[in-house]
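Here's the structure we're looking at; comments come further down.
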């Protein structure tokens with residue numbers, strides 16, 4: 001399912017709003033998108049048909065609801081996606097979740113299939129041909145916010161497809177901010193050690209399941225392309241680019257090719273962040289652009305990054321369900337987890353657990369901090385299995401009432417709170433007979449019976 005196919009499907013389901021009037025990508029597009037993202041249900045996807053000084057239509061808020069995110073993953077809901085993954089992981093004959101996931105994804109019939117070496121790209125140009133996105137007033141450079149960045153390990157040949165922040169410097173140069181510890185960052189370091197140019201291909205616009213896969217917290221050694229094959233139960237079609245070194249999806253809309261010179265960097269300028277402020281003065285890898293090409297009727301996707309709720313919250317919700325399925329394999333005591341959007345997801349995690357000893361709970365916290373997808377969580381809150389994780393008032397009520405110094409853990413700037421029941425508690429409940437009696441006599445008390 002290409003990006004165009006997905007947009008057509010959204011329109012058929014009344015999940016898309018077309019904007020026919022010309023729109024300026026400098027702040028105006030972002031302001032419209034921001035208002036829609038703040039709607040209670042996440043709002044509709046937006047297709048801007050006419051963009052000032054650019055030949056490309058732009059689509060935003062593609063993943064801006066649980067319904068659309070599940071549809072992008074080929075599932076009826078995120079729950080069914082999680083259930084399917086959890087069952088296949090459970091059935092895999094391996095020791096831990098990472099090995100089980102590799103086993104599930106490493107299926108020959110689902111491996112990407114190369115459809116030729118050349119995509120049907122009909123035009124070429126420069127970075128200035130792309131929509132000049134500025135999303136917040138103090139941003140001084142234009143940005144690419146849904147770029148799939150393809151890199152390759154020079155030693156193993158393992159390819160990575162990741163989502164990284166990109167700022168356009170001029171027609172032929174851009175900066176790529178590889179996250180610390182990311183596969184892309186490790187690849188850049190490996191090429192630098194060899195003192196060789198690192199090939200990079202950036203894809204703008206492709207099947208939505210690959211966009212999510214590029215953001216997913218995959219264990220080392222797992223392929224985003226294989227994950228898409230598993231989601232579809234069919235192989236991803238790919239084509240080779242940049243001297244055959246890198247594979248890209250065959251349905252790519254826009255392809256940017258270039259090289260990173262070893263240790264070449266550029267200072268980022270202010271960039272609006274999901275924390276609600278500007279990020280700047282970070283050093284990023286400098287990418288020299290050799291070509292920008294696109295297919296006929298290409299559409300450029302973009303996402304607005306800023307204070308929640310935003311579209312990326314729903315992408316992260318799919319990753320949350322992915323993480324939960326993996327953690328249940330390694331830690332059967334975990335019943336469920338929830339990452340509140342206000343904490344930018346990786347900042348805080350609520351976890352419900354089965355009955356465990358105090359030592360077991362503390363060992364669980366240390367293990368989660370030291371490895372796996374929750375190692376960056378600044379705050380972990382463990383709760384009894386019957387807690388409604390998605391009710392902030394219940395979580396906070398339980399946490400505050402169980403707050404004791406000996407039930408807190410602090411390590412390297414991270415905090416964990418063991419808010420499970422201190423001792424067996426008899427929950428306060430009304431007498432059923434009296435509750436029924438009061439309900440029947442409600443009108444007698446002078447209250448509206450409805």
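Suppose the filter is touching a strand residue (DSSP E or B) at 6+ places or on another chain (Cβ under 6 Å) and either under 21 Å from residue 163 (Cβ atoms) or buried (at least 20 other Cβ atoms within 10 Å of the Cβ) (or both); does residue 323 pass it?
On the way: touching a strand residue (DSSP E or B) at 6+ places or on another chain (Cβ under 6 Å): no; either under 21 Å from residue 163 (Cβ atoms) or buried (at least 20 other Cβ atoms within 10 Å of the Cβ) (or both): yes.
Spelling it out, it is not the case that residue 323 is touching a strand residue (DSSP E or B) at 6+ places or on another chain (Cβ under 6 Å) and either under 21 Å from residue 163 (Cβ atoms) or buried (at least 20 other Cβ atoms within 10 Å of the Cβ) (or both).
Of the residues in the range 72-89, at least one is farther than 19 Å from residue 334 by Cα and part of a helix (DSSP H, G or I).
Grab the strands (runs of 3 or more DSSP E) fully contained in the range 227-294, keeping just those with 1 or more residues being surrounded by fewer than 20 Cβ atoms within 10 Å (Cβ to Cβ) and without any contact (Cβ under 8 Å) to a residue 60 or more places away in the chain.
Details: elements: 237-241, 246-249, 254-267, 283-294.
Strands (runs of 3 or more DSSP E) meeting the threshold: 254-267, 283-294.
For the range 237-260, a residue qualifies if it is touching a helix residue (DSSP H, G or I) at 6+ places or on another chain (Cβ under 9 Å), at pLDDT 95 or above and more than 22 Å from residue 145 (Cβ to Cβ), but none of them does. Does residue 32 satisfy the criteria of being closer than 23 Å to residue 234 by Cβ and either in contact (Cβ under 8 Å) with a residue 12 or more places away in the chain or not in a loop (DSSP other than H, G, I, E, B) (or both)? Spelling it out, it is not the case that residue 32 is closer than 23 Å to residue 234 by Cβ and either in contact (Cβ under 8 Å) with a residue 12 or more places away in the chain or not in a loop (DSSP other than H, G, I, E, B) (or both). The residues of the range 414-437 include none that are surrounded by 13 or more Cβ atoms within 10 Å (Cβ to Cβ) and either part of a helix (DSSP H, G or I) or at positive phi (or both). Is it fair to say residue 43 is in contact with a helix residue (DSSP H, G or I) (Cβ under 6 Å, 6 or more places away or on another chain), outside any helix (DSSP H, G or I) and in contact (Cβ under 8 Å) with a residue 40 or more places away in the chain? So residue 43 fails the test. For residue 380, the conditions (1) at pLDDT 95 or above; (2) farther than 30 Å from residue 318 by Cβ are fulfilled apart from (2). Of everything in the range 24-35, what is surrounded by fewer than 21 Cβ atoms within 10 Å (Cβ to Cβ) and in contact with a strand residue (DSSP E or B) (Cβ under 6 Å, 6 or more places away or on another chain)? Give them in sequence order. Answer for the range 24-35, where residues must be surrounded by fewer than 21 Cβ atoms within 10 Å (Cβ to Cβ) and in contact with a strand residue (DSSP E or B) (Cβ under 6 Å, 6 or more places away or on another chain): 26, 27.
Each residue in the range 91-132 was checked for being within 21 Å of residue 246 (Cβ to Cβ), part of a loop (DSSP other than H, G, I, E, B) and either at pLDDT 85 or above or within 26 Å of the chain's Cα centre (by Cα) (or both), and 5 of them qualify.
Just one of the listed residues (309, 340, 392) is surrounded by fewer than 22 Cβ atoms within 10 Å (Cβ to Cβ) and over 25 Å from residue 271 (Cβ atoms), namely 392. Taking the range 399-413 as the range and being modelled with pLDDT of 90 or more, over 14 Å from residue 361 (Cα atoms) and surrounded by 14 or more Cβ atoms within 10 Å (Cβ to Cβ) as the test, only 399 passes.
Which of the residues spanning the range 138-190 are touching a helix residue (DSSP H, G or I) at 6+ places or on another chain (Cβ under 7 Å) and in a strand (DSSP E or B)? If the condition is that a residue be touching a helix residue (DSSP H, G or I) at 6+ places or on another chain (Cβ under 7 Å) and in a strand (DSSP E or B), then 148, 149, 151, 152, 160, 161, 162, 163, 168, 174 are the ones that fit.
To keep it simple, each residue is scored yes or no on (1) touching a helix residue (DSSP H, G or I) at 6+ places or on another chain (Cβ under 8 Å); (2) within 26 Å of residue 71 (Cα to Cα); (3) not assigned by TED's automatic domain parsing to the domain that holds residue 72; (4) not in a helix (DSSP H, G or I).
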{"position": "321", "(1), (2), (3), (4)": "yes, yes, yes, no"}
{"position": "337", "(1), (2), (3), (4)": "yes, yes, yes, yes"}
{"position": "352", "(1), (2), (3), (4)": "no, no, yes, yes"}
{"position": "359", "(1), (2), (3), (4)": "no, no, yes, no"}
{"position": "362", "(1), (2), (3), (4)": "no, no, yes, no"}
{"position": "372", "(1), (2), (3), (4)": "yes, no, yes, yes"}
{"position": "380", "(1), (2), (3), (4)": "yes, no, yes, yes"}
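The values are calculated or read from the model by the stated rules, or taken from the named source; none is laboratory data. Predicted, not measured: the structure shown is a model, and the values here were computed from it. Ideal geometry is used to build each Cβ from the backbone, glycine not excepted, and the neighbour counts take in all protein chains shown.
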